[in-house]
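Below you'll find the structure, written out as structure tokens, and then a few comments.
The values are calculated or read from the model by the stated rules, or taken from the named source; none is laboratory data. None of the values given here were measured: they were computed from a predicted structure. Reconstructed Cβ throughout: ideal geometry from the backbone, glycine too, with neighbour counts over all protein chains shown. Accessible surface is based on the protein model in full, side chains and every heavy atom, while ligands, DNA and RNA are left aside. Shrake-Rupley method; radii C 1.70, N 1.55, O 1.52, S 1.80 Å.
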Amino acid sequence: MHAVLLLALSHFIFSPSPLDWWTPQGSAAISGVVIDEGSGRGIAGAIVYAVSDANISETVSDSNGRFVFLTLLPSTYRLCASEYGYVAQCYPRGSRPEELLAGYEYGATVILSRAIGQTNAGERRVTKGDT
């Protein structure tokens, strides 16, 4: 199944704040949450990507849908996410990627919509061993 990432401008906000003392000062960070559009609950196990022209970083959301990228090189980034049963796309779409500056942490909320015909009941997670 394809996964859908639905990020409206109001749902995809980079809000900069100074980094904590434990993050390298030459880096930028993104922390946020992946949520289900229908229920508003966090989506555990979603794969989240921070994509720049020179780099692709990947992480997985925790049991509450939270994710973090701690050591991104300063650059412009698109944020992408996917999970089984959802449709995936990258945002911002059709606009300039967000510029991340060194020494700042950016917050983001990623809202995923279920693929057509997908429900919570009877859903099965696909693993690498499945064919």
Next item on the list: Sort out which residues of segment 31-43 are touching a residue at least 60 places away in the same chain (Cβ under 8 Å), open to solvent by 20 Å² or more (accessible area, probe 1.4 Å) and outside any loop (DSSP other than H, G, I, E, B), and write them in order of number.
Entry: Ser31, Val33, Ile35
Notebook entry, point to check: For the subset of segment 89-98 comprising residues that are charged (D, E, K, R) and either more than 15 Å from Ser31 (Cα to Cα) or not in a strand (DSSP E or B) (or both), which member is modelled with the highest pLDDT?
Noted result: Arg96
Notebook entry, point to check: So which residues in segment 69-88 are more than 16 Å from Val33 (Cα to Cα) and either within 15 Å of the chain's Cα centre (by Cα) or not in a loop (DSSP other than H, G, I, E, B) (or both)?
Noted result: Thr71, Leu72, Ser75, Thr76, Tyr77, Tyr84, Val87
Margin query: Taking the conditions exactly as written (of a type in the set (S, T, N, Q), over 17 Å from the mean Cα position of the chain (by Cα), surrounded by fewer than 18 Cβ atoms within 10 Å (Cβ to Cβ) and at pLDDT below 90), does Thr109 satisfy them or not?
Written below: no
Note to self: Please verify whether Ala50 is over 18 Å from Ala115 (Cβ atoms), touching a residue at least 12 places away in the same chain (Cβ under 8 Å), not in a strand (DSSP E or B) and not aromatic (Phe, Trp, Tyr), treating the condition exactly as stated.
What the structure shows: no
Next item on the list: Determine whether Leu70 is touching a strand residue (DSSP E or B) at 6+ places or on another chain (Cβ under 9 Å), under 19 Å from Ala54 (Cα atoms) and open to solvent by 20 Å² or more (accessible area, probe 1.4 Å).
Entry: yes
Item checked: Where Asn120 falls short, out of the listed (1) at pLDDT 90 or above; (2) surrounded by fewer than 16 Cβ atoms within 10 Å (Cβ to Cβ); (3) part of a loop (DSSP other than H, G, I, E, B) -> (1)
Item checked: Selected residue [at pLDDT 55 or above and either polar (S, T, N, Q) or open to solvent by less than 70 Å² (accessible area, probe 1.4 Å) (or both)] from Ala8, Ala46 -> Ala46
Item checked: Conditions (1) assigned to a strand (DSSP E or B); (2) over 18 Å from Val87 (Cβ atoms): number failed by Ser63 -> (1)
